[in-house]
Amino acid sequence: MKNLVVLTGAGISAESGIKTFRDADGLWEGHDVMQVASPLGWEKDQELVLDFYNQRRKQLLSVDPNKAHTVLAELEQDFNIEIITQNIDDLHERAGSSNVLHLHGELLKARSTFDENLVIDWKQDIKIGDFCEHNFQLRPHVVWFGEAVPMMEKAIQKVSNADIIAIIGTSMQVYPAAGLIDFAPVKTPVYFIDPNPNIRENEYLNIYAEKAVSGVPKMAEELRKRFIS
């Protein structure tokens, strides 16, 4: 089977009702990004940061995967699919996708502030006083601004082995994730789904200027026609 690497961003989750983190005015739920998504913000006000992610977690648990998520999961019947997502939700997994790499962490996990490799499943609120086994405060298992992206090397490896690439719900403007496409083999067919594409089609780039829920089923149909004989 062909290796299909799918890069997803906030746009695919927004169609399930998850608010994209950053509003038009650059604020996240009324907060400056550095207040709630940086090591400095955490140092300054742990309670504020925990509350911010507790609200995001509650919202996530109230929504469901959409058509775009489920169609990607169904494509596993015909392709070897690797999903690399910038999203911290679990909607790909809930839709049935079995190979999902989270570049920016996972909202339904918590991790130790003592040992970053000590990660545990966590669906309820994280509160001040919730400690790991070493008696250190737990924090959201999310990559904050200014922190390294530990899954980047794995993501690069997957992209470099791609036969086909799909980019869904992300403008690919935010680094380091945006740099992933540079590691794709030369002449790899790319399918780009975005309601406001900022690039033009060419021989290897196919654009669907629409939302994920309508664009992904069309892409899936095209992929089966083109690559499944």
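The values are calculated or read from the model by the stated rules, or taken from the named source; none is laboratory data. Note that the structure is predicted; figures quoted are calculated from it, not measured. Methodologically, a virtual Cβ is constructed for each residue, glycine included, from the backbone with ideal geometry; neighbour enumeration extends over all protein chains shown. Side chains included, ligands, DNA and RNA excluded: accessible areas come from the protein's heavy atoms. Shrake-Rupley method; radii C 1.70, N 1.55, O 1.52, S 1.80 Å.
Scan the stretch 3-37 for residues that are open to solvent by 40 Å² or more (accessible area, probe 1.4 Å) and either at pLDDT 95 or above or acidic (Asp, Glu) (or both) and report the count. Adding up the residues that qualify gives 6. Looking only at residues of the stretch 77-108 that are in contact (Cβ under 8 Å) with a residue 40 or more places away in the chain and more than 18 Å from the chain's Cα centre (by Cα), we find that the one that is farthest from SER38 (Cα to Cα) is ASP78. The one condition from (1) without any contact (Cβ under 8 Å) to a residue 40 or more places away in the chain; (2) over 30 Å from GLY17 (Cβ atoms); (3) β-branched (Val, Ile, Thr) that ILE228 does not meet is (1). Being crowded, with 18+ Cβ neighbours inside 10 Å and at pLDDT 95 or above: is that true of LEU40 here? Answer is no for this residue. Return the residue satisfying two criteria in turn: it lies in the stretch 29-70 and is in a helix (DSSP H, G or I) and β-branched (Val, Ile, Thr), and of such residues it is nearest to the chain's Cα centre (by Cα). Looking at residues that are in a helix (DSSP H, G or I) and β-branched (Val, Ile, Thr), I get THR70. Remark: LEU180 falls outside the filter, which requires a residue to be part of a helix (DSSP H, G or I), touching a helix residue (DSSP H, G or I) at 6+ places or on another chain (Cβ under 9 Å) and either of a type in the set (Ser, Thr, Tyr) or at pLDDT 95 or above (or both).
Take the residues of the stretch 86-115 that are among the aliphatic types (A, V, I, L, M) and in contact with a strand residue (DSSP E or B) (Cβ under 8 Å, 6 or more places away or on another chain): which is nearest to GLY129 (Cα to Cα)? Here the residue is ALA110. Screening ARG56, ARG111 for residues that are open to solvent by 10 Å² or more (accessible area, probe 1.4 Å), in contact with a Leu (Cβ under 7 Å, 6 or more places away or on another chain), more than 29 Å from ALA212 (Cα to Cα) and without any contact (Cβ under 8 Å) to a residue 60 or more places away in the chain leaves exactly one candidate, ARG111. For PRO217, the stated conditions hold: it is out of contact with any strand residue (DSSP E or B) (no Cβ under 9 Å at 6 or more places or on another chain), under 22 Å from ILE12 (Cβ atoms) and not charged (D, E, K, R). Annotation: of all residues in the stretch 188-210 being in contact with a strand residue (DSSP E or B) (Cβ under 8 Å, 6 or more places away or on another chain) and among the charged types (D, E, K, R), the one that is most open to solvent (accessible area, probe 1.4 Å) is ARG200.
Kindly list, by first and then second residue, each pair from a residue in the stretch 181-208 that is over 13 Å from GLU222 (Cβ atoms) to a residue that is small (Gly, Ala, Ser), limited to pairs with Cβ atoms under 6 Å and residues at least 6 apart or on different chains. Short answer, once both residue conditions are applied: PHE183/SER160; ALA184/ALA162; THR188/ALA162; PRO197/ALA209. Mind checking whether some residue in the stretch 136-152 is within 23 Å of LEU223 (Cβ to Cβ), surrounded by fewer than 19 Cβ atoms within 10 Å (Cβ to Cβ) and not small (Gly, Ala, Ser)? No, every residue in the stretch 136-152 fails to be within 23 Å of LEU223 (Cβ to Cβ), surrounded by fewer than 19 Cβ atoms within 10 Å (Cβ to Cβ) and not small (Gly, Ala, Ser).
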